[in-house]
């Protein structure tokens with residue numbers, strides 16, 4: 001990226017803001033944004049409780065919003081920023097969108113797609129984990145601590 | 001099942017009717033129903049083109065409808081009937097719903113979840129493939145033949 005404003009950290013902060021919105025709704029705090037031409041074209045946060053829908057992960061909603069915004073089914077030139085490593089469902093969705101880049105915050109060794117030994121996402125997609133990992137993990141830790 | 005009416009074939013025929021609706025909309029013809037207490041609580045067909053949304057598979061929509069209908073996030077006692085072996089995204093979604101049984105028509109060696117060597121669906125979920133496989137495959141073959 002040529003413009004220093006549009007760093008991975010900049011966009012991950014926007015995803016974190018979405019996670020905070022989820023937190024305030026008593027949802028597992030995961031947030032996502034999708035970026036195209038350095039413009040955020042979709043923002044979403046986990047709404048599984050609010051919608052009574054276990055598929056309403058931040059990424060799923062962001063994919064639907066982004067394809068709707070672009071008016072096409074594919075997101076090859078877009079980047080997904082999400083605070084938590086996507087699960088298998090969301091990685092499978094990423095495959096169908098052909099999204100070009102997946103950047104996530106904290107790793108999810110239990111439910112993350114990277115635990116699967118087979119390729120799930122599109123072969124051309126690039127993946128980068130660990131961006132603002134501490135901040136992304138902290139909000140989850142606080143959430144689950146207060147639940148206990 | 002004690003009642004002979006409610007066979008797997010009976011419900012798969014209902015899923016096939018959904019696939020036919022998709023076919024009529026020029027969508028890849030895949031249909032699904034979700035059954036709870038021998039009652040169909042969700043019917044859906046692939047709408048990826050119509051909605052411009054690559055995540056709008058029949059199963060995803062059926063999961064959302066079924067959890068909405070039951071007013072809960074989980075589908076442990078429900079059965080999914082789908083004409084094509086679910087993809088990785090849909091199998092990942094099935095995991096989150098904890099759906100008890102997955103019954104599919106024709107196998108999808110290329111995109112089906114069973115090609116993945118790791119467990120994707122819920123460990124307690126039962127899977128049965130090949131129900132009315134010929135009919136489920138035929139509608140797809142006709143669809144793709146006319147596309148060429």
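Looking for something within 18 Å of residue A:96 (Cα to Cα) and over 10 Å from the mean Cα position of the chain (by Cα) - is there at least one such residue anywhere in the stretch B:6-27?
Checking the stretch B:6-27: at least one residue is within 18 Å of residue A:96 (Cα to Cα) and over 10 Å from the mean Cα position of the chain (by Cα).
Would you pick out the residues in the stretch B:64-73 that are at the interface with chain A (Cβ under 9 Å from one of its Cβ atoms) and surrounded by 24 or more Cβ atoms within 10 Å (Cβ to Cβ)?
B:67
Out of the residues in the stretch B:95-140 that are farther than 20 Å from residue A:116 by Cβ and surrounded by fewer than 13 Cβ atoms within 10 Å (Cβ to Cβ), which is nearest to the other protein chains (Cβ to nearest Cβ)?
B:126
From the list B:76, B:61, exactly one residue is in a helix (DSSP H, G or I) and more than 9 Å from every other protein chain (Cβ to nearest Cβ). Which is it?
The match here is B:61.
Can you tell me which residues in the stretch A:79-120 are in contact (Cβ under 8 Å) with a residue 24 or more places away in the chain and part of a loop (DSSP other than H, G, I, E, B)?
A:85, A:86, A:98, A:99, A:100, A:107, A:108, A:111, A:116, A:120, listed by residue number.
Within the stretch A:35-58, track down each residue that is assigned to a strand (DSSP E or B) and more than 13 Å from chain B (Cβ to nearest Cβ).
Scanning the stretch A:35-58 gives A:35, A:36, A:39, A:40, A:41, A:43, A:45.
When only residues in the stretch A:112-148 that are modelled with pLDDT under 95 and touching a helix residue (DSSP H, G or I) at 6+ places or on another chain (Cβ under 8 Å) count, which is farthest from residue A:89 (Cα to Cα)?
Ranking the qualifying residues of the stretch A:112-148, first place goes to A:125.
The values are calculated or read from the model by the stated rules, or taken from the named source; none is laboratory data. The structure displayed is predicted, hence computed values, not measured ones. Ideal geometry is used to build each Cβ from the backbone, glycine not excepted, and the neighbour counts take in all protein chains shown.
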